[in-house]
């Protein structure tokens, strides 16, 4: 089973709202990732957690705040977003970080910021 | 500098025919991994196939095979016997070795494949 789940599937929020995206996997993977994907573009890495510790932050604005409460869960807290933050947010997980480690992606959350 | 190049923004193929999606990469590392993902309009990125830089055999997974030419730095995806459900965006990606816990997956710009009856 290579399932990564994400909730919600769709989210509409105003620029003053606070919301959270949730990602879950039960494959025993120890690396989890957040990507942002704009229309007709490839995914862009935002954050990587390895063994529940933040290992990569790709200079993402502080209005995005990741959290890894345990090895199965990854959250992305959103606050004071801008319309240009509207995108598909993809979560992924892999056994660990490493060259041969395949990342398995969730279905994504489509975010619209008004 | 762009590390993964997919030169075909769009491709058409007739059902049951084979199609090759091109991917070239640039790296000075000896150790790297190459991946292909499929993204239907629903948005989910589906892993298709993996090739390691030290693998001597081309990777195969069902109808998918990877034509790996290391000297030319190319990793083309071959889909045999295309099906209507293969219509999607296809991304080539590379993972390079970095310092501990910093290696990243880098994606190409993608190729949109459309399969027609």
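Taking a spot 7 Å from the Cα of residue B:16 along the direction of its beta carbon, which residues of the stretch B:52-92 have an amide N less than 17 Å from it? In the stretch B:52-92, the label zone of residue B:16 (backbone N under 17 Å from the point 7 Å along Cα→Cβ) covers B:80-86. Sorted ascending by nearby beta carbons within 10 Å, beginning with the fewest, A:112, A:78 become A:112, A:78.
For residue B:70, put the label point 7 Å out on the Cα→Cβ axis and report which residues of the stretch B:15-55 keep their amide N under 11 Å from it. Flagged as within label range: B:30-32, B:52-55.
Across the stretch A:1-94, C-alpha contacts under 8 Å between residues 6 or more apart give a mean separation that, scaled by the residue count, equals a relative contact order of 36 percent.
Counting neighbouring Cβ atoms within 10 Å and putting the fewest first, the residues B:95, A:63 line up as A:63, B:95.
In summary, the convex hull built on the alpha carbon positions of the stretch B:43-100 has an orientation-averaged projected area of 5.5 nm². Look at the stretch B:43-51: the mean tally of other chain Cβ atoms within 10 Å of its residues' Cβ atoms is 5. Mean per-residue shielding of peptide A:52-61 is 1, counting Cβ atoms of other chains within 10 Å of each Cβ. A straight line joining the Cα centroids of the stretch B:4-64 and the stretch A:60-93 runs 28 Å. The mean sequence separation of alpha-carbon pairs under 8 Å and at least six residues apart, normalised by the residue count of the stretch B:1-98, gives a relative contact order of 37 percent. Here, chain B yields an orientationally averaged convex hull projection of 7.5 nm² when only Cα atoms define the hull.
Applying 1/(1 + (r/R0)^6) with R0 = 41 Å to the Cβ-Cβ distance of residue B:57 and residue A:17, what FRET efficiency is obtained, to the nearest 0.05? Efficiency, from the Cβ-Cβ distance: 0.20. Computed over the stretch A:40-114, the P(r) tail beyond 22 angstrom holds 24 percent of alpha carbon pairs.
Two numbers describe the Cα atoms of the protein assembly as shown: Rg and Dmax, which are 17.7, 54 Å.
Taking label positions 7 Å along the Cα-Cβ direction at both residue B:81 and residue B:114, the computed distance is 2.6 nm, reported to one decimal.
Among A:91-97, A:3-9, sorting by the average number of other beta carbon atoms lying within 10 angstrom of each residue, highest first, gives A:91-97, A:3-9. Taken along the Cα-to-beta-carbon direction at a fixed 7 Å, the label points for residue A:112 and residue A:80 span 2.5 nm.
Laboratory data are not the source of any read-out in this text; all were calculated from the coordinates shown. Nothing here was measured: the structure is a model prediction, and the numbers come from that model. Virtual Cβ from ideal backbone geometry, glycine too; neighbours counted across all protein chains shown.
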